[in-house]
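I have placed the structure first, in the form of structure tokens, so that the comments after it can refer back to it.
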Amino acid sequence: MENPLNFSASPPMTPLPGKRRKEETVGFMTWDERFSVGVKTLDEEHKVLFGILNELYDAMKRGQAQVVTGHLLKKLADYTRRHFASEEAKMTASGFAGLAEHRDKHRDLIQRVEQFIVRFERGDIMLSVDLFNFLRDWLTTHIQKTDKEYGPWLTGHGVH
Ligand code: FEO
């Protein structure tokens, strides 16, 4: 299929050994078990974030007005804040030792998105492929590296 914005799609996924691949397509970004942190409620929140990014992708692809993309960027930042708070509450309640470091990463991530929003609203930057790729990588790298660290601890403490 033609890809006029030249987005790099997610790399082909290999089924996990011994498991049936459970895949859920959410627009151009696809959530699958590679992104599972083992905690169902947090996986669901991550899927919402994927969904908002896909809305942004669609808006950009359709060349929608700045007011639409600006609204979606704010929606992404708002939901991200709620999600980070939810994750931190679970880490706090279960006594996860990596909480402080994880919280610092959250602060850094949200700050970077907020800076993008300020520049976007000023008209310094447009919603571009580069910005979109930054947001996509920002989310997927954090989930796959940092979030996965709390999975075994939280599930071992009855958090689902
Ligand atoms: Fe799912 Fe640490 O954010």
May I ask you to compute the full-extension gain from E101 to A85, defined as 0.36 nm times their residue separation minus their alpha-carbon distance, rounded to one decimal in nm? 4.3 nm
Check: the range 75-158 dipole with +1 on Lys, Arg Cβ and -1 on Asp, Glu Cβ, in debye: 120 debye
Distance cut-off 21 Å, percentage of C-alpha pairs in the range 38-117 lying past it: 35 percent
Carbon and sulfur atoms account, in whole percent of the 1.4 Å probe accessible area of the range 52-159, for 51 percent
Take the cross-link list K47/K90; K47/K145; K47/K74; K61/K105; K61/K145 and give me the ones stretching past 25 Å between alpha-carbons. K61/K105; K61/K145
Report the label-to-label distance for K148 and Q64 in nanometres (one decimal), using points 7 Å from each Cα along the Cα→Cβ vector. 3.2 nm
Roll a 1.4 Å probe over the protein chains and send me the accessible area per residue for the range 39-126 in Å². 52 Å²
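The values are calculated or read from the model by the stated rules, or taken from the named source; none is laboratory data. Just so you know, these numbers come straight off a predicted model, no measurement behind them. Glycine also receives a Cβ, built like all others from the backbone with ideal geometry; neighbour counts cover every protein chain displayed. Areas reflect the complete protein model, heavy atoms only, side chains present, ligands, DNA and RNA absent. Shrake-Rupley method; radii C 1.70, N 1.55, O 1.52, S 1.80 Å.
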